[in-house]
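Here's the structure we're looking at; comments come further down.
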Amino acid sequence: MAKPEQYGAIADGKTNCAYAINECIRLHNICEFGEGTYVIGGKDIDPNDSQKVLKSGILWGFNPTQNEDCVQLIGKGKGKTILKLSEDLTGRKDLAVNGNQLIMVQAVGPGGDGREDCKNIVFKGITFDGNYDVINEVKGNELTIAGCTTFGSNTLYEDCEFKGFNVGKD
């Protein structure tokens, strides 16, 4: 299986792994994570970088040449494999959808408008941490934090956990 470490990811809780994870998905449609914390986003994302969205979130389906179906993100289990939004995304409205929403994982069908769906997506054995309280510690600059947004049919979440999204009680 393809691993994000093959593309530069380091599950150390500090290194921005978003681009490496996106490359793994783009090339293989599967991403097998080891144990550790994979940070999504970082402080050195240039607002003028044409790849900034691929460095601040995990995204697929926007490119009509990519196979959007059957994407799998497979971890080692809740609390063992963690995808966590970076604290460095605090106030980064330039990386937010519509200027107010950071999205950790998003799958949209060809063309990016949701008219065609991504089918048979699997998330297994992953803790998703939105890091809401840290990202929104500066009042007046709050951002909405979204975990996984998929436009598709047959999306499976197995042995996954969501925390730090300011929904209900974490």
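Points worth noting:
- Hits in segment 83-97 (condition: closer than 20 Å to Glu161 by Cβ and not in a loop (DSSP other than H, G, I, E, B)): Leu83, Lys84, Leu85, Glu87
- Condition check for Ala9: in contact with a Gly (Cβ under 7 Å, 6 or more places away or on another chain) and either of a type outside the set (Ser, Thr, Tyr) or assigned to a loop (DSSP other than H, G, I, E, B) (or both): no
Every residue, every condition in (1) aromatic (Phe, Trp, Tyr); (2) part of a helix (DSSP H, G or I), yes or no:
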| site | (1), (2) |
| --- | --- |
| Met1 | no, no |
| Ile25 | no, yes |
| Gly34 | no, no |
| Tyr38 | yes, no |
| Pro47 | no, no |
| Val53 | no, yes |
| Lys76 | no, no |
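- Only one of the listed residues (Asp44, Asp88) is modelled with pLDDT of 80 or more, more than 14 Å from the chain's Cα centre (by Cα), surrounded by 17 or more Cβ atoms within 10 Å (Cβ to Cβ) and of a type outside the set (A, V, I, L, M, F, W, C). That residue is Asp88.
- Residues of segment 94-104 that are surrounded by fewer than 21 Cβ atoms within 10 Å (Cβ to Cβ) and either of a type in the set (Val, Ile, Thr) or within 15 Å of Glu137 (Cβ to Cβ) (or both): Val97 alone.
- Checked against (1) within 21 Å of Asp46 (Cβ to Cβ); (2) modelled with pLDDT of 80 or more; (3) surrounded by 19 or more Cβ atoms within 10 Å (Cβ to Cβ), Thr81 passes all but a single condition, namely (1).
- Being at pLDDT 80 or above and surrounded by fewer than 17 Cβ atoms within 10 Å (Cβ to Cβ) is a condition met by no residue of segment 105-113.
The values are calculated or read from the model by the stated rules, or taken from the named source; none is laboratory data. Remember, predicted model here, so these are calculated numbers, not experimental data. Heads up, the Cβs are rebuilt from the backbone with ideal geometry, glycines too, and the neighbour counts pull from every protein chain shown.
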